[in-house]
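The next block holds one structure in the form of structure tokens; read it before the comments.
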Amino acid sequence: MKSPLLTLPGAVPAEGVDEGVAAHYGDLFREQRALADGTGFVDLSHRGVVTVSGPERLAWLHLLLTQHVSDLPPHRATEALILSANGHIEHALYLVDDGETVWAHVEPGTQEALIAYLESMKFFYRVEVADRTADIAVVHLPAGSIAEVPEGTAVRETPYGRDLFLPRGDLESYAEKAGSAAGILAHEALRVERHRPRLGFETDHRTIPHELGWIGTAVHLQKGCYRGQETVARVQNLGKPPRRLVFLHLDGSEVHLPVAGTEIRVADDGSDGRKIGFVTTSVRHYELGPVALALVKRNVPVDARLLAGDTAAAQETVVEP
């Protein structure tokens, strides 16, 4: 969905998955600094919004999600995954319950498949699942923001800021009061700095939660009864994941960033060496310079110098080998 905020001065449309909102508004580093300082906002109105209502909503979702939500208190934000039968990540949900309804935002374009799965699992539970993407827009306020939140708005309060579920028709009027707009590239740069994975970026068809550090934040290890739980338990108790997420400091002398999918090799093996991973997200950070997240084989030494394509990269451990 195309955001009306693309008419703001300096707005440059994002491409790919984030199409529909602004990539930036003319000054990428200023926008990053503003978010880091707790000012401004990010238009995330392209994200899917799904609600679950009904008296059995939490008990029902508890059976389907990787997170423990049966006793989720009202207004406490959490995140959860839906896995395949083999434990591979299929959906990531960022949710909050307001006491009557569970509100979740998900990756753009994934809400239809998510709703189809949820509907197939309703059976006799008293729940109602709805796609609210057409009438609800997500807006992110950074941590420390003092921007006003309209009364009655569902809010996810997290250490990284607040996600607001606003009526889409109020988006423009809210933007006038919320301070300077920051684009999705600034939001992504801070996400990468915080080592936070994103579905479809750090994941592929065979990613399991352990590889990305989603254990604890999105996966509760003391609950069972969800699809893919056997894989989670087996890896946790008996083994290690085949890959691990790393943070890369890239050579700042290069003009171009290595794009997602760029092959990674051990630098000592040269550019013809064996592929040991790939870049998932690369950004230019206002303080750290060019940085990236990447997936590499678990047995790659943590002190090994790497090459992302032709770009030298120093790794920082996110998930322990």
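The values are calculated or read from the model by the stated rules, or taken from the named source; none is laboratory data. Fair warning: this is a prediction, and the values are worked out from it, not measured in the lab. Quick reminder, even Gly has a Cβ in these numbers, built from the backbone with ideal geometry, and neighbours come from all protein chains shown. Each accessible area value is taken on the protein alone, full model and side chains, heavy atoms only, with ligands, DNA and RNA left out. Shrake-Rupley method; radii C 1.70, N 1.55, O 1.52, S 1.80 Å.
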Worksheet item: What's the percent breakdown of Cα-Cα distances in region 190-321 across 5 Å bins, shortest bin first?
Response: 2, 11, 21, 22, 18, 12, 7, 4, 2, 0, 0
Worksheet item: What percent does the relative contact order of the chain come to when contacts are Cα pairs within less than 8 Å and at least six residues apart?
Response: 19
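Let's test the formula: R0 of 45 Å, r as the Cβ-Cβ distance of residue 320 and residue 122. What FRET efficiency results, to the nearest 0.05? Working shown, then result.
Values: r = 39 Å, r/R0 = 0.87.
Efficiency for this residue pair is about 0.70.
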Worksheet item: Cα centroid distance between region 263-279 and region 287-307, in Å?
Response: 11
Worksheet item: Can you work out D for region 142-231 in µm² s⁻¹ from Stokes-Einstein, where Rh is the Kirkwood radius over C-alpha pairs, the temperature is 25 °C and the viscosity is 0.890 mPa s?
Response: 152
Worksheet item: Could you list log10 I(q)/I(0) for the chain at q = 0.08, 0.14, 0.15 Å⁻¹, which the Debye formula gives when each Cα is one point scatterer?
Response: -0.38, -1.14, -1.28
Worksheet item: Name the GluC sites (Glu not before Pro) in region 241-321 that are in a loop by DSSP and that have at most 11 other C-beta atoms within 10 Å, would you?
Response: 287
Worksheet, complete the sentence: Straight-line reach check, residue 122, cutoff 21 Å on alpha carbons, 8 or more apart in-chain or any other chain, hits among lysines -> 223
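Work through the residues other than residue 135 whose Cβ is under 14 Å from its Cβ and net out their charges, Lys, Arg +1 and Asp, Glu -1. Could you put the intermediate results ahead of the total?
Values: positive: 47, 132, 168; negative: 131, 170.
So the surrounding residues net to +1.
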Fill in: Anchor residue 240: lysines whose Cα lies under 19 Å away (excluding residues fewer than 8 positions away in-chain)
297
Response to the item:
Computed curve, region 12-129, Cα-only Debye sum without solvent term, log₁₀ I(q)/I(0) at 0.12, 0.14 Å⁻¹, is -0.54, -0.69
Fill in: Mean accessible surface per residue for region 165-242, computed with a 1.4 Å probe while every protein chain stays in place, in Å²
46
Worksheet item: If you find the alpha carbon centre of region 1-76 and of region 141-217, how far apart are they in angstrom?
Response: 5
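Taking every DSSP beta bridge with both residues inside the chain, roughly what % is antiparallel (nearest 5)? Before the final figure, lay out the partial values.
Values: 64 of 68 bridges.
Looking only at bridges with both residues in the chain, the antiparallel portion is about 95 percent.
Which trypsin sites (Lys or Arg not before Pro) in region 124-217 sit in a loop by DSSP (not H, G, I, E or B) and have at most 14 other Cβ atoms within 10 Å of their own Cβ? Walk me through the numbers before you get to the answer.
Numbers: sites: 126, 132, 156, 162, 168, 177, 191, 194, 198, 206; in loops: 126, 132, 194, 198, 206.
Passing both the DSSP loop test and the Cβ count: 126, 194, 206.
Can you give the net charge of the other residues whose Cβ lies under 14 Å from the Cβ of residue 228, counting K and R as +1 and D and E as -1?
Net charge in that neighbourhood comes out at +1.
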Discussion item. Rolling a 1.4 angstrom probe over the protein chains, ignoring ligands and nucleic acids, what is the accessible area of residue 238 in square angstrom, nearest 10?
Written reply: 150
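Using a 1.4 Å probe on the protein chains only, how many percent of the accessible area of the chain belongs to carbon and sulfur? Can you show the working numbers first?
On the way: 7340 of 14490 Å².
C and S fraction of accessible area: 51 percent.
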Worksheet entry | Local electrostatic count at residue 100 - Lys and Arg +1, Asp and Glu -1, tallied over other residues with Cβ under 15 Å | 0
